[in-house]
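The values are calculated or read from the model by the stated rules, or taken from the named source; none is laboratory data. Note that the structure is predicted; figures quoted are calculated from it, not measured. All Cβ positions, even for glycine, are placed from backbone atoms using ideal geometry, and neighbour counts span all protein chains on display.
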Amino acid sequence: MLTIFDDMSQVTETEVQRMLPLVDKQRREEALRYRFLFGQFACLKSWLMLKEMLETLEINDMEMSHNEHGKPFLVHHPDVHFNLSHCKNGIAVVVDNAPVGIDIESFRHIDDALLRYTMNSSEIEAINTSENPLATFIAFWTKKEAVLKLRGTGISTDLHHVLNGIGYRLETHICHEKSYAWSVAYYD
């Protein structure tokens, strides 16, 4: 199951206040640690999206823990896997019966240093020869981030070789209209 939220007109103080009582104390505290309204909104909205998805699977116990790299998991439902991501243009949540990773990113300026740090030579070539280099860069970035989140390691590895491994199935979608892309990664 996968869901994307991208109606950013809903990012309001009123909506944050409406969502606060709908989440547990820990999530409320986490949301309120965000300094800016969008962070508060995204924290609450992604949690409520996840909760709704889990309820369709008849899972109401959302007690969480985290692996050594910070990837969350359901304590009492080890066979249910999920991942969350958000950017200024959208929020993405995925739930599966196997490990899964998701990333969503807004289109943003890329400089040469970032390109060289995150992409290998064949990826740089694909980006530079693309009709839309920015969208191509963000597509590669979301794929890499989704794979790293699938592994549960975070960005703790050489980013040039993340996509060189076999054994991953990736889905990538680009929303040109709202200037973002998202990718989801599964093990084959």
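If I ask for residues that are within 25 Å of VAL184 (Cβ to Cβ) and not basic (Lys, Arg), which ones from region 10-39 would you list? Those that are within 25 Å of VAL184 (Cβ to Cβ) and not basic (Lys, Arg): GLN10, VAL11, MET19, VAL23, GLU30, ALA31, TYR34, PHE38, GLY39. The set of residues in region 148-168 being outside any loop (DSSP other than H, G, I, E, B) and over 16 Å from the mean Cα position of the chain (by Cα) consists of LEU159, HIS160, HIS161, VAL162, LEU163, ASN164, TYR168. Of the listed requirements (1) among the small types (Gly, Ala, Ser); (2) closer than 22 Å to LEU2 by Cβ; (3) loosely packed, with under 15 Cβ neighbours inside 10 Å; (4) not assigned by TED's automatic domain parsing to the domain that holds LEU22, SER130 misses just one: (2). Here ALA135 passes the criteria (1) of a type outside the set (Val, Ile, Thr); (2) touching a strand residue (DSSP E or B) at 6+ places or on another chain (Cβ under 7 Å); (3) closer than 27 Å to LEU57 by Cβ except the one numbered (3).
The rows are residues; the columns are (1) free of Cβ contacts under 8 Å to residues at least 12 places away in the same chain; (2) assigned to a helix (DSSP H, G or I).
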position: ILE4; (1), (2): no, no
position: MET49; (1), (2): no, yes
position: GLU55; (1), (2): yes, yes
position: GLY70; (1), (2): no, no
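In region 139-155, which residues are within 14 Å of HIS173 (Cβ to Cβ) and of a type in the set (Lys, Arg)? Within region 139-155, just LYS143 meets the criteria. In this entry, GLN26 passes the filter for residues that are assigned to a helix (DSSP H, G or I) and at pLDDT below 95. The residues listed here are ARG33, ARG18; of these, the one that is more than 20 Å from the chain's Cα centre (by Cα) and among the basic types (Lys, Arg) is ARG18.
Within region 134-149, being touching a residue at least 60 places away in the same chain (Cβ under 8 Å) and within 15 Å of LEU114 (Cβ to Cβ) holds for one residue alone: GLU145.
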